[in-house]
Amino acid sequence: EKGTYPHFMLKEIDEQPIVMRKIIKEYQNENNELKLDEEIRAAMKAADRIYIIAAGTSYHAGLVGKEFIEKLAKIPVEVHVASEFSYNMPLLSEKPLFIFISQSGETADSRAVLVKIKEMGHPALTITNVPGSTLSREADYTLHLYAGPEIAVASTKAYTAQIAVLAILAVDTARAKGLELDFDPMQELAIVANAMDVLTAQKEEIEQLARDYLSTTRNAFFIGRSADFNVSLEGSLKLKEISYIQAEGFAGGELKHGTIALIEKGTPVIALATQENVNYSIRGNVQEVVARGANALIVSMKGLEQDDDAFVLPKVHELLTPLASVVPLQLLAYYAALHRGCDVDKPRNLAKSVTVE
Ligand code: F6R
């Protein structure tokens, strides 16, 4: 049921504003209060440290969620790749709460961790798009993503749904702890949904950028600092999995410690600049790579833009910029793959849900 869409991935990218609005609706009661299970609230409040466990794109959403929970709810958070955590468990805090993030709810690497921590007697919350899934059934609590079925192998709307639900969870916890916040998640997510409408209508511009920067290259870099770094990891994963371009997400300031050696004439560097506090320094990093011949494509945000920026995002709340900046990166990956003749919805060597460890 792709309808008029050539690929599920494009349809699912376009569905993101709808999913944001669905999440706003589902997580609010008739008095416009956040609607979350009391038990989840209590479990979050009781935790002295949160361990987020996930794989791939869901891991990248976890990195964004860490920022929400630490900044808003003031609980320390560790984010772990599931397959690593299983075999190399860190020292746990006294009252850990585990949050499993999984679109499918069937990822074997994450399940292995869930089984282990349940044996140890720790509580678990699963955030998933499939409420009846294994990770949902075997955890104590579930939060639903309401993203609708995601068919394309490359995850898009599940990533933004995960981030939105994590923002709501963080705010709910902060309020339950009596912390003062000047951040209304539903209002800000509604602004994000509108921004996504604008972004998904800019396909022609992004297709042209994909043509100009990515149609023949063998490699590409994504750079950013702070929240933008987290999104650069997701942007590079999207690009490599469907276009087979070797891509790497990098912290802007870390480039000079080695990786900048790879920059040569024409290397595409996609730089995210949506964070006010690092706007100056990321632009310095862009100059460093441009001086070595890189082909820089700067994605910035209204209010922070400069003349050379290739793409300017509509303004959204600083904490929620990943929800906006990831959209052009998803579309860049899509069009790069399309131009290179790749099978967008079913990339080689990949399965939609990875049920082996
Ligand atoms: C990337 C992608 C994978 C999944 C990962 C985890 O586009 O889809 O990286 O994110 O396999 O899958 P879930 O979220 O189902 O646990």
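The values are calculated or read from the model by the stated rules, or taken from the named source; none is laboratory data. No experiment lies behind these values; they were computed from the predicted model shown. Methodologically, a virtual Cβ is constructed for each residue, glycine included, from the backbone with ideal geometry; neighbour enumeration extends over all protein chains shown. The area values use the complete protein model at the heavy-atom level, side chains included, leaving out ligands, DNA and RNA. Shrake-Rupley method; radii C 1.70, N 1.55, O 1.52, S 1.80 Å.
Here are some notes:
- Answer residue from segment 140-156, given it is in a loop (DSSP other than H, G, I, E, B) and away from the ligand (no atom under 13 Å from the Cβ) and is surrounded by the most Cβ atoms within 10 Å (Cβ to Cβ) among those: 146
- Selection from segment 51-67 of residues that are buried (at least 24 other Cβ atoms within 10 Å of the Cβ), more than 10 Å from the ligand (Cβ to nearest atom) and more than 16 Å from residue 98 (Cβ to Cβ): 64
- Test: residue in segment 28-36 that is modelled with pLDDT of 95 or more, part of a helix (DSSP H, G or I) and of a type outside the set (A, V, I, L, M): no
- Flag for residue 68 being aromatic (Phe, Trp, Tyr), touching a residue at least 24 places away in the same chain (Cβ under 8 Å) and under 23 Å from residue 26 (Cβ atoms): yes
- Test for residue 106: is it acidic (Asp, Glu), out of contact with any Pro (no Cβ under 8 Å at 6 or more places or on another chain), closer than 20 Å to residue 355 by Cβ and surrounded by fewer than 21 Cβ atoms within 10 Å (Cβ to Cβ): yes
- Positions within segment 244-266 being within 25 Å of the chain's Cα centre (by Cα) and free of Cβ contacts under 8 Å to residues at least 24 places away in the same chain, in sequence order: 254
- Scanning segment 83-94 for residues that are without any contact (Cβ under 8 Å) to a residue 60 or more places away in the chain and touching a helix residue (DSSP H, G or I) at 6+ places or on another chain (Cβ under 6 Å) yields a count of 1.
- Residue 294 meets all of the listed conditions (1) within 16 Å of the ligand (Cβ to nearest atom); (2) buried (at least 20 other Cβ atoms within 10 Å of the Cβ) but one, namely (1).
- Number of the condition not met by residue 298 [criteria: (1) in a loop (DSSP other than H, G, I, E, B); (2) closer than 17 Å to residue 208 by Cα; (3) not hydroxyl-bearing (Ser, Thr, Tyr)]: (1)
- Any chance residue 269 is open to solvent by less than 60 Å² (accessible area, probe 1.4 Å), aliphatic (A, V, I, L, M) and either within 21 Å of residue 67 (Cα to Cα) or free of Cβ contacts under 8 Å to residues at least 24 places away in the same chain (or both): no
- Test: residue 300 is open to solvent by less than 10 Å² (accessible area, probe 1.4 Å) and under 23 Å from the mean Cα position of the chain (by Cα): yes
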